[in-house]
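Derivation of every value follows stated rules applied to the coordinates shown; laboratory data play no part. Note that this is a predicted model, so its numbers are computed, not measured. No Cβ is skipped: glycine too gets one built from the backbone with ideal geometry, and neighbour counts run over all protein chains shown.
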Amino acid sequence: MKISLAWIFDHIDASLKNHDVEKLVGEFNRKTAEIDGVHRVLVDFKPFFLGRVKSIADNKMMLEVDELKVEVSLPSHELWLEKFTGDRDVVFMLRRSREGWAWACHRDFGCDKDGPLPAFYVLEKDQAGEWRNGLESEDVILEVDNKSITHRPDMWGHRGFAREVAAILGLKMLAEDDLLEDLDAVFEEKRFEPNSDVPFKISIESPARCKKFTGTFLTSIKNRPSNLFVAMRILRLGSRVIDGIVDMTNYVMADWSQPVHAYDAKLLKGNEIVVREAKSGEKVTLLDGTKLELTKEDLVIADAEAPLCLAGIKGGANSGISSSTTSILFEAATFDAASVRRTAARHGVRTDSSARFEKTLSTEQPVEAVRRFVKLATAYGLAPVVSGQIACVGVSQGEKTIGVTHEFLTTRSGIHLDTSFVSSSLEALGFEVSQVDTEHGMMYEIKVPHFRASKDVSIKEDILEEIIRFYGFAEFPTAIPPVAKQPENIGIIMKERTVRNFLAHGAQMMEVKNYAYYDEDFMSEVGLPTGGS
C-alpha cells in the first residue's frame with residue numbers, strides 16, 4: 001500500500017518540511033510497521049500550463065491557455081467528453097518545451113502510470129497560475145508492507161498513519177470536527193423510514209453480516225472531472241482517475257480507512273435499500289462488467305427489485321455513477337470480515353474495499369466517512385445540496401474499557417516505566433487514560449478508541465504492547481537476567497566416587513561399560529553371541 005507523507009500532514013498541526021523524513025521512517029519502522037520503500041516526488045511546475053478546450057475539429061483540439069494568453073492546437077485527447085466543451089472550469093494539463101506543446105503525462109507528476117493525464121476541474125480564476133499554489137511540488141510516497149498492518153484496521157488510510165506519525169514526533173493531531181461536515185445522524189436499530197431529508201427506506205435483513213449501514217442524500221451534484229488537487233493525490237497512490245464523484249469516494253477511502261459507495265439516486269427502484277443475503281441463482285453485473293451468479297452465501301445491497309452491489313466488495317453497473325448523474329445516495333457501512341473474505345474468494349473479486357473490510361472495521365467509522373465526503377465534496381467542486389441528515393441503521397460496537405495495573409506493566413516488561421510516560425504514550429494514540437489508586441497499587445483505567453476496539457485492542461496485554469513499542473525494543477538492556485541458584489548436596493556423588501576409586505586402584509578391578517545397541521551382523525562375523533549380554 002502507498003501512503004503520501006504530504007497527505008498525512010493534512011491531519012497534523014505541523015508542516016512536513018520541518019521534519020527529517022529519514023529519521024521519521026526509521027522511527028516508524030521501529031515502533032509501528034515496516035516500510036518497504038521511500039520514493040521522493042519533486043515536480044517543477046514551470047513548464048506546465050492549463051488549457052481549456054475551445055473547439056474540436058479534424059481530430060484536433062484547440063485549447064486556450066489563459067496564463068500565456070495563447071491558443072494551442074494538439075491531437076484530440078482520447079479521454080475528452082463532448083459535454084464539457086465550453087465548460088470554462090474543465091481543463092487539461094499541457095507541457096511546454098523547446099520541441100513545442102504536448103499533453104502532460106502521468107509520469108511528469110510522479111505517478112507510476114503511463115499516458116496523458118485526464119481532464120481536471122479547476123476554477124477559471126485559478127487557471128492563470130494560482131493552481132500551482134494548491135499542489136505539492138514535493139512529496140514522499142511510502143510503500144508499506146500490508147502484512148505488517150493486517151491487525152490494524154485503522155491504518156488502512158492516511159488518518160490512521162497520521163495518528164502514529166504524530167505520536168512518534170510528539171505532534172498534535174487536527175481535531176476530527178475540523179475535517180468533518182456537521183450533519184445530524186438519526187440512528188435506528190433495524191429500519192429507517194423515508195423522510196424529506198433521506199427519501200429512502202433502509203433496512204438490514206442480515207444484522208450478523210452487516211453491523212451498520214449509513215447513508216445520506218445529495219442533490220444538484222455536479223459530476224465534473226476530478227478536482228486537480230484530488231486527482232493528483234490519488235494518482236500518486238497508483239489509483240486511476242474516473243470522475244469527480246467516484247474519485248472522491250476513493251479519496252475518502254484512502255483518507256479515512258473506510259470504503260464508501262455512491263449510487264445514482266435516479267436508478268434506485270422503489271426508493272428502498274435493503275442489505276440482505278442473495279437469492280440462489282440471482283445475478284449481478286459489477287462496475288467493471290464482470291457478471292456473477294450469486295448464492296445464499298453472498299451478501300448484497302439491493303433496491304426493491306434487484307441487487308445493486310456485492311456488499312463490501314464492488315458496486316454494480318445498474319446503479320453506477322455516470323456523467324449525467326445529478327443526485328446520489330451516498331453510503332458507508334460495516335460488514336462482517338469473514339463474510340466479505342469468503343465472498344471475495346468465491347468469486348475471485350478482490351478490491352481495495354474488500355481488503356479493508358477483511359480487517360474488521362469500526363462501526364463508528366461510516367458516519368465519520370459520510371461527513372468527511374460531504375466536507376470534501378463541497379470544498380472541491382462537486383457542489384452538492386446536502387439533505388442535512390445521515391440515516392444510520394444497525395448497532396454500535398459499544399465502548400471498551402481495560403483496567404491495567406502499573407505493576408503488571410513493569411513486571412511483564414521487566415523495565416521501569418514512569419506513569420507519565422504510560423499515560424502520554426496512550427493518549428497520543430487516541431486512548432483516554434485515568435489513573436486510580438487501588439489496594440493493588442496504581443491502576444490505569446483505559447478507554448479504547450473505537451478505531452482500535454473493533455479487533456486490535458481487547459486485553460491488557462494489548463495495552464502492554466502499545467507501551468513497549470513506544471518505549472522502544474532497542475532500549476531494553478541486553479544483560480542476562482539474574483537467576484538465583486541454591487548449592488546442591490553432592491555427598492552421595494562423593495561417596496560413589498570414593499567407592500569407584502577403591503575398586504579401581506585398591507581392589508585392582510576394571511570397570512566395563514557396555515553399549516546399549518550392537519550391530520548383530522558384525523557380532524556374528526567375529527563369532528560373538530547375539531541376543532543377550
On each of the three principal axes of the Cα atoms of region 180-394, give max minus min coordinate, whole Å, ordered largest first. 42, 39, 31
With r as the distance between the Cβ atoms of residue 59 and residue 305 and R0 = 56 Å, compute the FRET efficiency 1/(1 + (r/R0)^6) and round to 0.05. 0.85
What full-extension length gain, to one decimal in nm, is calculated for residue 416 and residue 279 as 0.36 nm per residue of separation minus the Cα-Cα distance? 43.4 nm
Order by protection proxy (mean Cβ within 10 Å, highest first), peptides 286-293, 213-220: 213-220, 286-293
I'd like the GluC sites (Glu not before Pro) in region 323-417 restricted to DSSP loop residues with at most 14 other Cβ atoms within 10 Å, sorted by number. 399
Rounded to two decimals, what is Rg over Rh for region 316-406 when you use alpha-carbon atoms and the Kirkwood radius? 1.06
Would you mind getting the Kirkwood hydrodynamic radius of region 415-477 from its Cα pairs, rounded to one decimal in Å? 12.5 Å
So which of 125/375; 279/314; 269/296; 400/455; 212/359 end up more than 20 Å apart, counting from Cα to Cα? 125/375; 269/296
Magnitude of the Cβ-charge dipole (Lys and Arg +1, Asp and Glu -1) of the chain about the Cα centre, nearest 20 debye, reported as 760 debye
Under 23 Å between alpha carbons, and skipping anything fewer than 8 positions from residue 513 in its own chain: which lysines qualify? 495
Compute the distance in nm between two label points, each set 7 Å from the Cα along the Cα-to-Cβ direction, one at residue 29 and one at residue 322. 5.1 nm
Virtual spin-label span in nm between residue 378 and residue 107, 7 Å along Cα→Cβ: 4.2 nm
Kirkwood-type radius of the chain, with distances r between different C-alpha atoms, in Å: 27.4 Å
If we count other beta carbons within 10 Å of each Cβ, what is the order of 101, 7, fewest first? 101, 7
At what distance in angstrom do the alpha carbon centres of region 79-136 and region 1-74 lie from each other? 12 Å
